[in-house]
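Accompanying notes for the structure given below.
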Amino acid sequence: MDSAEIINAKDKSLEHLRTIHGDDAETLIADARYGFISGLVKDILKKPATERVTATDRIDQLMLNRWLGIPLFLLILYGVFQFTFVVSTPLIDLINSGLGWLAERVPGIASGWLGSLLADGIIGGVGAVLSFIPVIFLLYVALSILEDTGYLARAAFVMDRLMHRIGLHGRSFVTLILGFGCSVPAIMSSRTIENPKDRLVTILVTPLMSCGARLPVYALLAAAFFTAFQGLVVFSMYAIGIIMAILLAWLFRSRLVPGESGHFVMELPPYRLPTITGVLAHVWERGWAFLSRAGTIIFCAVIVIWLLDYFNVLENIGRAIAPIFSTAGFGQWQPTVALIFGVLAKETVVGAFGTLFAGAEGVGGFGSVIGAELGWTPLVAFAFMVMILLYIPCVATLSTIKRETGSWKWTFFTIVYTLALGWIVATLIYQVGSLLL
Amino acid sequence: MLSEILKAFKQAEGPIDLNELSQQLGTERSALEGMLALLVRQGKLKEVIPGSEECAHCGGRSSCLHLRSGGAMGKVYELADNGR
Amino acid sequence: MKEITIALAGNPNSGKTTVFNNLTGSRQHVGNWPGVTVEKKEGRCTFKGHRIRVVDLPGVYSLTAYSLDEVVARDYVVDERPDVVVDVVDASNLERNLYLAIQFLEMGANLVIALNMMDVAQARGYQINVEELSHLLGSPVVPMVAARNQGTNALLETVVSVATGETRVQGINIQYGHDVEAEIAKLEQLISTNSLAQQYSPRWLAVKLLEEDKEIIEKIKRV
């Protein structure tokens, strides 16, 4: 028979089968094969009454447990921060003494404005940010271990399961959790979420997942105001971030028309031991990113801050805006200025404080200097940290949001809502806290 | 069997992991993986590896915890006409 | 005694490479499948006076036209007609691995199943009725633990036995359900006068057509 006739006959057959069975012949045929095999295997294979499960399955019985899954996640996260701070604190002190030593050398080399630039601006500002390298390094070691072992996939899974129970369908956490590193790739990874409303909501709340750049700020303040509880306080920042992300996602979802959304099956990778090379590779990349940001954006921002401060312009700018934050307890020009520059890059907040207070007592241990100079109580520090957590994300994040949503409206909306949220929550914390304590 | 898989997707109460699904359907897990691959090829399911997108000129690329970690976040299967 | 050619097939991670190494030792040769960038491994050995040539097919999960590896594997078996096809099956993942085996059987290949990783299956407490499996598939089944080089001789015995015709492979005929079978029958009739029917079994071609197999459709159009 001639080919065209065969092809036609085939098409007719397929059409016919599709009408009767509502499916492609390919599916019907595959089903028949699988059915055949299934029957065959049942015939010839006897499995033991209790199938010996793999190590991965046994661990997952715990990690994915309906009741224990999330508490375990929080516990592990807490453990990560405890580890990070206990180990990094002596290292930070070491770096700070080194910086202090350097700062003392400056009067011998330069004086006047150059001396100030070097000592206050560069050593004080950029140096302050750099002093937190140990914290960043250790946190990323921990996070990359969590990821390489395969645990992070479980964390995302149990969080998305929780979201589903609250009525938030879709699989945001699988991408949100990447925000613990940096919001930018997390937002870009949301491209894989097909439902446009789910995707938009995910993008909007991603900045609330505390990113690596905020860590130096927390570290600075936690060390100064909560010395014994550093790990706990920083953990609480991440926890608040997660809670806010869930809350805001729920809020946004109910405002936007809810659409049909994703049911999904997740293939979790088997647990495995992370390799040292793998972990170091991640950490190296992140560490390098941190250093290059310190060298560029932060460096420039700090110089600008120093300049504006030197010419007494900064204080005026700060004082003009500061009153807004008095309800949250930090209505002073220095934190205000820090917040403004924090929109460039969150680490700049540390750089700003470093520059502004460098003169006061040398670079070492200037967290406490903040307390002295600004008269802050731990409560205020906490409120400020929450502000850092929630308010306007950095320009890199904003530009990513613009690119991924393709709209100025949502970018602007992000700026407004995050600022409002930060202000509201920080204020609440301060006001309620003041009444209780 | 294949249609049972699709039904399981539609009726799912929240995300399911592969082990659960294989228990639910009474199929060996690796056989299930084969069937999911077939459904993906047929375009009825979508397969996604989270975090693996090109982040070419993204400033956060080198801060990306996940890039190049080779699918440490596992794989996600979804119905292909999700959300439409 | 003529040379016997074996095509070695199986899922990735079924231990196929280990079996290949056990059979051929250092007498291996690596090249490419003609016209494509898929690696081709060949090797030799002798067994009881027979010269045996082993061709390692790419590791595949099935024999569709969706992937180059699968097309290469399939084409080799059809075009070169090896004396025996050995499918290395992971005994601890039977359902998944047998999916390939039955496709070979449907093609009419002279199939021998190397039931590998018996140790893993045993460690899981599995009990496999090898005889019954062989009976149901119409093809010999050789239990092996390739990692410990166990079963290699038995495999070679069986291969020689099949190649010389001493043992016959029956093949299987999966019934696809009343409606699909009706369409298969119709197409089979049309195909049987086509020249392709000399190379492939008409029923197999009919099934492939219904699956909308791109390669087969191309081949039919070109005739």
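The values are calculated or read from the model by the stated rules, or taken from the named source; none is laboratory data. All values derive from a computational prediction rather than experimental measurement. In this analysis, Cβ positions are derived from the backbone assuming ideal geometry, glycine residues included, and neighbour counts consider all displayed protein chains.
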Seminar exercise, completed: Scanning the stretch A:144-163 for residues that are of a type outside the set (Gly, Ala, Ser), out of contact with any Gly (no Cβ under 6 Å at 6 or more places or on another chain) and either within 8 Å of another protein chain (Cβ to nearest Cβ) or surrounded by fewer than 24 Cβ atoms within 10 Å (Cβ to Cβ) (or both) gives A:Ile145, A:Leu146, A:Glu147, A:Thr149, A:Tyr151, A:Leu152, A:Phe157, A:Met159, A:Asp160, A:Leu162, A:Met163
For this session: For C:Glu183, work out the one condition from (1) among the charged types (D, E, K, R); (2) assigned to a helix (DSSP H, G or I); (3) under 18 Å from C:Ser62 (Cα atoms); (4) within 7 Å of chain A (Cβ to nearest Cβ) it doesn't fulfil.
Result: (3)
Exercise. Which condition number in (1) more than 23 Å from C:Thr46 (Cβ to Cβ); (2) at pLDDT below 95; (3) surrounded by fewer than 23 Cβ atoms within 10 Å (Cβ to Cβ) is the one that C:Thr164 fails?
Worked result: (1)
Problem set entry | Test set (1) free of Cβ contacts under 8 Å to residues at least 40 places away in the same chain; (2) among the charged types (D, E, K, R); (3) under 22 Å from C:Glu166 (Cα atoms) - C:Glu39 fails condition number | (3)
Exercise. Which residues, taken from the stretch A:417-433, are touching a residue at least 12 places away in the same chain (Cβ under 8 Å) and either within 12 Å of A:Val386 (Cβ to Cβ) or touching a Leu at 6+ places or on another chain (Cβ under 7 Å) (or both)?
Worked result: A:Thr418, A:Leu421, A:Gly422, A:Trp423, A:Val425, A:Ala426, A:Thr427, A:Ile429, A:Tyr430, A:Gly433
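Quick grid of which residues meet (1) assigned by TED's automatic domain parsing to the domain that holds A:Leu152; (2) more than 30 Å from C:Glu211 (Cβ to Cβ):
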{"residue": "A:Leu40", "(1), (2)": "no, no"}
{"residue": "A:Gln61", "(1), (2)": "no, yes"}
{"residue": "A:Leu94", "(1), (2)": "yes, yes"}
{"residue": "A:Gly100", "(1), (2)": "yes, yes"}
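Per-residue answers, yes or no, for (1) in a helix (DSSP H, G or I); (2) more than 13 Å from the chain's Cα centre (by Cα):
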{"position": "A:Glu194", "(1), (2)": "no, yes"}
{"position": "A:Lys197", "(1), (2)": "yes, yes"}
{"position": "A:Leu200", "(1), (2)": "yes, yes"}
{"position": "A:Pro207", "(1), (2)": "yes, no"}
{"position": "A:Ala213", "(1), (2)": "yes, no"}
{"position": "A:Ala219", "(1), (2)": "yes, yes"}
{"position": "A:Ala222", "(1), (2)": "yes, yes"}
{"position": "A:Phe229", "(1), (2)": "yes, yes"}
Exercise. Restricting the stretch A:164-192 to residues that are more than 7 Å from chain B (Cβ to nearest Cβ) and part of a loop (DSSP other than H, G, I, E, B), which is surrounded by the fewest Cβ atoms within 10 Å (Cβ to Cβ)?
Worked result: A:Gly167
For this session: Within the stretch B:6-25, count every residue that is under 15 Å from the mean Cα position of the chain (by Cα) and either under 17 Å from A:Leu268 (Cα atoms) or without any contact (Cβ under 8 Å) to a residue 40 or more places away in the chain (or both).
Result: 12
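One line per residue, one yes/no per condition, for (1) within 10 Å of the chain's Cα centre (by Cα); (2) within 14 Å of chain A (Cβ to nearest Cβ):
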| position | (1), (2) |
| --- | --- |
| C:Ala73 | yes, no |
| C:Asp83 | no, no |
| C:Gln103 | yes, yes |
| C:Asp119 | no, yes |
| C:Gln127 | no, yes |
| C:Val130 | no, yes |
| C:Ser134 | no, yes |
| C:Ala154 | no, no |
Exercise. Under 6 Å by Cβ, and 6 or more places apart or on different chains, what pairs join a residue from the stretch C:162-179 that is more than 14 Å from chain A (Cβ to nearest Cβ) with one that is surrounded by fewer than 18 Cβ atoms within 10 Å (Cβ to Cβ)?
Worked result: C:Thr167/C:Ser161; C:Gln170/C:Gly138
Problem set entry | Selection count where residues are assigned to a helix (DSSP H, G or I) and surrounded by fewer than 19 Cβ atoms within 10 Å (Cβ to Cβ), scope the stretch A:1-25 | 14
For this session: From A:Ile136, A:Ile145, grab the single residue that is modelled with pLDDT of 80 or more, in a helix (DSSP H, G or I) and farther than 16 Å from A:Phe290 by Cα.
Result: A:Ile145
Exercise. Is at least one residue of the stretch A:325-338 touching a residue at least 12 places away in the same chain (Cβ under 8 Å), assigned to a helix (DSSP H, G or I) and surrounded by fewer than 17 Cβ atoms within 10 Å (Cβ to Cβ)?
Worked result: yes
